[in-house]
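Presented below is the structure to which this report refers.
No lab work stands behind these numbers, since they all come straight from the coordinates. Given the structure is predicted, the values throughout are model-derived calculations rather than measurements. As a convention, Cβ positions derive from the backbone with ideal geometry for all residues, glycine included, and neighbour counts pool all protein chains shown.
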Amino acid sequence: APVVAPVSDTSAMMYLSQFGWLDPSARKPGSAALLDIRNAVKDFQSFAGLNQTGELDDETLQLMNMPRCGVRDKIGHDARRKKR
Amino acid sequence: YALQGSRWKVRDLSYRITKYPRGLKTADVDREISQAFQIWENVANISFHRVDTVGSKVHIEIRFEKGEHGDGDAFDGEGGTLAHAYFPVYGGDAHFDEEEKWTIESYRGTNLFQVAAHEFGHSLGLSHSDVRSSLMAPFYRGYHPSFKLDSDDTNAIQALYGKRIKSVPVTTTKRPIIGAGNFPKKETPSTPTDKSKLCDDPKIDAIAHMADGFTYVFKGSDFYRLTENGVADGYPKKIRTMFGTLEDNLDAAFTWTNDRTYFFKGNKYWRFTDMTMDTGYPKDISDGFEGIPANIDTAFVWSGNGKIYFFKGDKYWRFDPSRRPPVSSGYPKPISNWEGVPNNLDAALRYSNGHTYFFRANKYWRFNDRNFAVDTTDPPFPRNTAQWWFGC
């Protein structure tokens, strides 16, 4: 299987926003931002069929390690993929 | 499954691989990519064909790229992101990370066929699915020698394009699939194919690739649908039963980029949108095609410049709808400018593989847009129309 690069907490955040689980443009104060991240992790876990702990536990980090398709999982704010 | 929200209107999609990976033979990549499209073609009413003509427009462009490659979504080297693709509304192209170890039928590296089949799901309008066993799940699941689509994938693609129409056999074809579109609801129950008239006398009045993705031949009071094996089941049918007040013994037909097909006879023409005649037709040719004479031999949209060409006798006219007047003063010009194309043609067609074909009596010629001359191949042109187009 392809090599996997370790995912740290920071890159976990990048992963969640890269694949549409976290809206990087939302500017929220500390506590609200933390809640957003927690919910984003839960949403990703639900989509991936994992326990929805809201934590970046081993199982979740392992899945984030998996090689995958670069298209976002949640299309909503998919402004980045501009018309060709 | 999840649908992104856009899909292709046409059912016969063209694709070209414009940049190959280093680690695999070109022919192997071509085969794996073709089979990845075939996966979707086997279960839905959609077909694909490869176009190699450099520069011609295709629906889906496929490239193997490294790092940043111009679309703002840089690849990340081996592992991580393997590939990405654009939904139909964004163009449908598919890009693969050149730095992955792309492999074929191997447990090592990353299986090209499976990743390509996934990406083409996006090119057709599918988003990621949360069914872990589905092809459209975002995570690469390793090489599966006995790969098959999950019902989740099949339901998704059929929600967009409908089930596959049985008449077009499930095969990997050498020639491009002609189409797998839907004919208007009023299609009569299929009767046995009788192509004897075409095989005995392959001279045709007109030929056009229509909005439903099929290519149709018109001869006398009949018309025939073509598949990749020749004449489709249940044809010929009567023109008047399917095309309303359109007359028999047509002169010409072509489909413009707006998916509208124009038919010509004498000094009149008809317009069809999505296989249905528009109101207010027939019209006089001068009312919409000023500068074009009556009783033309044929008309087609040339893939070289997207303009409309009308041929009659030994002359031709170029009609450019975006110019005033649409036919510039230097026309008509001699057909001999189109090296190797004969005068007094019966029909012409820009086929879905991007080539232009000319038909006269029982022969046809394929035009090479780059050399601006009839293709010099082996076997040479002209070739036998009945054998190569009608499956006689």
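Shape verdict for region B:1-126, please, from the Cα gyration tensor: rounded (a/c under 1.5), prolate (a/b greater than b/c) or oblate.
Note, shape of region B:1-126 comes out rounded.
Oblate is the label for region B:310-359, because a/c, from the alpha-carbon gyration tensor with a ≥ b ≥ c as root eigenvalues, is 1.5 or above and a/b does not exceed b/c.
Could you size up the charge dipole of chain B around its Cα centre, putting +1 on the beta carbon of Lys and Arg and -1 on that of Asp and Glu, and report it in debye to the nearest 20?
1120 debye
At what distance in angstrom do the alpha carbon centres of region B:240-260 and region B:9-47 lie from each other? Between the Cα centre of region B:240-260 and that of region B:9-47, the gap is 32 Å. If the reach is capped at under 12 angstrom between alpha carbons, list the aspartates and glutamates near B:Lys238, excluding any in the same chain fewer than eight residues apart. Straight-distance partners of B:Lys238: B:Glu187, B:Asp222, B:Glu247, B:Asp248. In a reduced charge model with +1 at each Lys and Arg Cβ and -1 at each Asp and Glu Cβ, the protein assembly as shown shows a dipole moment near 1460 debye about its Cα centre. The orientation-averaged shadow of the Cα convex hull for region B:3-72, equal to a quarter of the hull surface, comes to 6.3 nm². Computed from phi, the 3J(HN,Hα) profile of region B:309-322 under the Karplus parametrisation 6.51, -1.76, 1.60 (θ = phi - 60°) reads 10, 10, 10, 8, x, 10, 10, 9, 10, 9, 10, 10, x, 8 Hz, with x in place of Gly and Pro. The chymotrypsin sites (Phe, Trp or Tyr not before Pro) of region B:201-290 that DSSP puts in a loop, and whose beta carbon has at most 14 other beta carbons within 10 Å, are B:Trp256.
Sorted fewest first by neighbouring Cβ atoms within 10 angstrom, A:Leu50, B:Leu126, B:Leu226, B:Leu250 come out as A:Leu50, B:Leu226, B:Leu250, B:Leu126.
When the pairs B:Lys25/B:Lys101; B:Lys9/B:Lys307; B:Lys9/B:Lys265; B:Lys268/B:Lys312 are compared against a 20 Å limit on Cα-Cα distance, B:Lys9/B:Lys307; B:Lys9/B:Lys265 fall above it. Of the chymotrypsin sites (Phe, Trp or Tyr not before Pro) in region B:83-155, the ones in a loop by DSSP (not H, G, I, E or B) with at most 11 other beta carbons within 10 Å are B:Tyr107.
Each Lys and Arg adds +1 at its Cβ and each Asp and Glu adds -1 at its Cβ; summed about the Cα centre, region B:224-351 shows a dipole of about 220 debye. Candidates B:Met277, B:Phe289, B:Thr215 compared by Cα position along the dipole of the protein assembly as shown: farthest toward the positive end lies B:Phe289, with charges placed on Cβ.
The GluC sites (Glu not before Pro) of region B:65-167 meeting both criteria, a DSSP state outside H, G, I, E and B (loop) and at most 16 other C-beta atoms within 10 angstrom of the site's C-beta, are B:Glu68, B:Glu105. Relative to the longest principal axis of the Cα atoms of chain B, helix B:112-123 runs at roughly 60 degrees.
Distances between placed amide hydrogens fall under 5 Å for B:Ile296 paired with B:Gly266, all partners being 5 or more residues away or on another chain. Taken along its three principal axes, the alpha carbon spread of the protein assembly as shown comes to 77, 45, 45 Å, from the longest extent down to the shortest. Per-residue Karplus couplings for region B:56-68, computed as 6.51 cos²θ - 1.76 cosθ + 1.60 with θ equal to phi - 60°, are listed in order as 7, 6, 10, 5, 10, 9, 10, 9, 9, 10, 10, x, 6 Hz, Gly and Pro entered as x.
Between the alpha-carbon centres of region B:313-392 and region B:101-165 there is a gap of 40 Å. Cross-link partners of B:Lys363 among aspartates and glutamates, defined as those whose alpha carbon lies under 15 angstrom from its own and excluding same-chain residues fewer than eight positions apart: B:Asp200, B:Asp201, B:Asp205, B:Asp346, B:Asp375. Here's how it looks for B:Ser221: its modeled amide H is under 5 Å from those of B:Asn249, which are all 5 or more places away or on a different chain. Projecting the Cα atoms of B:Ser56, B:His95, B:Gly72 onto the dipole axis of region B:11-142, where Lys and Arg carry +1 and Asp and Glu carry -1 at the beta carbon, places B:Ser56 farthest toward the positive end. Taking Cα atoms only, the orientation of helix B:26-41 departs from the longest principal axis of chain B by about 80 degrees.
Compute the Cα gyration tensor for region B:255-321, then decide on rounded, prolate or oblate, letting a ≥ b ≥ c be the square roots of its eigenvalues: rounded whenever a/c is under 1.5, prolate when a/b is larger than b/c in the other cases, and oblate in all that remain. Here region B:255-321 falls in the oblate category. The string of couplings for region B:267-277 from the Karplus curve (6.51, -1.76, 1.60, θ = phi - 60°) is 9, 10, 8, 10, 10, 10, 10, 6, 6, 10, 5 Hz, one whole number per residue in order, with x for Gly and Pro.
Considering helices alone, the calculated mean residue ellipticity of chain B at 222 nm is -4000 deg cm²/dmol, with DSSP H runs of length four and up weighted by -39500 (n - 2.57) and normalised per residue.
Stokes-Einstein diffusion coefficient for region B:335-392 at 10 °C in a medium of 1.306 mPa s, Rh from the Kirkwood formula over Cα pairs: what value in µm²/s?
137 µm²/s
Taking the longest Cα principal axis of chain B as reference, the axis of helix B:151-161 is set at about 30 degrees.
Distant-in-sequence amide contacts of B:Ala347, defined by a placed amide H-H separation under 5 Å and a gap of 5 or more residues or a different chain, comprise B:Phe359.
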